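The values are calculated or read from the model by the stated rules, or taken from the named source; none is laboratory data. Please read these numbers as outputs of a predicted model, since none were measured by experiment. Counting neighbours? That spans all protein chains shown, and the Cβs are built from the backbone with ideal geometry, glycine included.
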Amino acid sequence: MGVLTALAILAGLIVVHESGHFLAATLQGIRVSSFSIGFGPVLVQRRVRGVQFALRAIPLGGFVGFPDDDESSTIPADDPNLLRNRPLPQRALVIAAGVLANLLLAWLVLVGQGFSLGIPAGFSPTAGVLVSGVQSGQPAASAGLRSGDRIIRLNGTGIGGGQGAVQDLVSTIQGAPGQNLRLEIRRADQTLKLQLRPDDLGGKGRIGAQLQPSGLELFRPARGPGEVLRQASADWALLLRRTVDGFATLITHFGATASQVSGPVKIVEMGASLAHQGGGSLVAFTALISINLAVLNALPLPLLDGGQFVLLLLEGVRGRPLPQRFELAFMQSGFVFLVGLSLVLIVKDTSQLAVVQQLLGR
C-alpha cells in the first residue's frame, strides 16, 4: 500500500507539472496536440477536442506536444495560434508554467497540512534512531541497513530517544573506524541483528547513512488562517532553499556527492516508508519532491524546461529564430543524456531493493 501511495504521489506531481504547460498554452489560445504521461509507445489514449491524452509505456515523466513539432500536421505554418508564432513572453510563460505549477502545489500541500493537521508543535521521541537514508556501496548498505530501519540496540545496550540518541550513536560510530559494531534493529514487525564495520575516513568512522530521531511530530490547532499561511510560506521557503543548495552542492562537488543521487525507484522506496508513518512525514515528502521536480526542470539542460528557456533567451538576443538544426542537435543530446542517466539510476536503485538483494544472496 505504501508503494502504491508513493507511485500515486509521483504520478500526480508529473500530471500537475504537465498541466501547468497545458493550461498556460490553452488559456492563451495556443494550439496543443497532445498531453502525455510517460514516453514511448501509447498504452491508453483518448482524444478530446483534437487533443490526444495518452498514458505511455516508459514512466519517466511526461510532455505536452504542439503541432509545431509534428511534421505531418496540416495546420498552416503561419497560423498565429502555433506556439512558435506567438510573442516571446507568451512562449516563456508556457515553458515556465510547469515549474511554477509544482512550486504552487508544494505550497498548497503545506497549507493543506496546516488546516488539516495543524501547526507543528514539537516532536515526541521514541526509543531508537531512525535510518532515513542509506548510500550505496557504503558500510551501512553492506551491513544490510535500509531506509526506514530503527536502530534500538548497539553492542547489546539499548538506545534512548531524541536528538541526543542520534548524537551518541554518531559519536560511537565516528570513534570506531574499522571496528565491528553489533546492531539490533526494528524493521516493520521484525527484530534483526546486523554487524556494522565503519570505514576509516581520516581517523573517524563513517557508515554512509542518514540518521534522525525516531518518533512522531506533534501538531496543535492553528490560531487562524493567517498563521497557517505564514507557517506554510516559511516551510516552503526553507524546503526551496535547501533544495537549491543541494543541487548547487551536487554541481560544485559532483565527485563527492554523486553517490547520493537517487532515481525514481529510490524515491518510491522512500515514499513508501514515509507512507507507513503517515501524517506530516508524507506531506513533507510530497512538498519536497514537488519542489525538487521544479528545481530540476529549471536547470539549463536540454529537454528540461530550463534548456528550453535558454533557447528562448538566445532567440531573443539574436532577434530571430535559431537554426532548426541547432535546436534539434541540442534536444537530441539532452535526450540521450537524460534517458541514460535515468536508466543508470534505476539500475543502481533497483539493485539496492531488499527483494533484489535477497535474490542475489546478499
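Details
- Screening Leu55 with (1) in contact (Cβ under 8 Å) with a residue 24 or more places away in the chain; (2) farther than 19 Å from Leu312 by Cβ gives one miss only, at (1).
- Any hit, region 121-142, residues being in the same structural domain as Thr191 (by TED's automatic domain parsing), assigned to a loop (DSSP other than H, G, I, E, B) and touching a Pro at 6+ places or on another chain (Cβ under 9 Å): no
- Take the conditions (1) surrounded by 15 or more Cβ atoms within 10 Å (Cβ to Cβ); (2) under 24 Å from Val129 (Cα atoms); Thr243 misses just one of them, which is (2).
- Region 153-200 - residue that is among the acidic types (Asp, Glu) and within 24 Å of Leu216 (Cα to Cα) and, of those, surrounded by the most Cβ atoms within 10 Å (Cβ to Cβ): Glu184
- Filtered residue count, region 1-18, keeping only those that are more than 18 Å from Asp69 (Cβ to Cβ) and in contact with a strand residue (DSSP E or B) (Cβ under 8 Å, 6 or more places away or on another chain): 4
- Residue check for Pro41: over 30 Å from Leu239 (Cβ atoms), in contact with a strand residue (DSSP E or B) (Cβ under 9 Å, 6 or more places away or on another chain) and not assigned by TED's automatic domain parsing to the domain that holds Thr243: yes
- Matching residues in region 79-120 - criterion: being in contact (Cβ under 8 Å) with a residue 60 or more places away in the chain, surrounded by 17 or more Cβ atoms within 10 Å (Cβ to Cβ) and not in a helix (DSSP H, G or I): Leu117, Gly118, Ile119
Listed here are the residues, each with its yes/no results for (1) modelled with pLDDT of 90 or more; (2) in the same structural domain as Phe285 (by TED's automatic domain parsing).
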position	(1), (2)
Gly178	yes, no
Leu181	yes, no
Gln195	yes, no
Gln210	no, no
Gly215	no, no
Leu229	yes, yes
Ala237	yes, yes
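- Sole residue being more than 25 Å from the chain's Cα centre (by Cα), among the polar types (S, T, N, Q) and modelled with pLDDT under 90, chosen from Ser171, Ser132, Ser124, Ser147: Ser124
- Of all residues in region 51-78, those that are part of a loop (DSSP other than H, G, I, E, B) and either aliphatic (A, V, I, L, M) or touching a Lys or Arg at 6+ places or on another chain (Cβ under 7 Å) (or both) total 3.
- When residues of region 1-50 are limited to those that are outside any strand (DSSP E or B) and charged (D, E, K, R), the one surrounded by the fewest Cβ atoms within 10 Å (Cβ to Cβ): Arg49
- Test: Leu82 is aliphatic (A, V, I, L, M), assigned by TED's automatic domain parsing to the domain that holds Val283 and in contact with an Asp or Glu (Cβ under 6 Å, 6 or more places away or on another chain): no
- The set of residues in region 41-61 being of a type in the set (S, T, N, Q) and farther than 17 Å from Ser73 by Cα consists of Gln45 alone.
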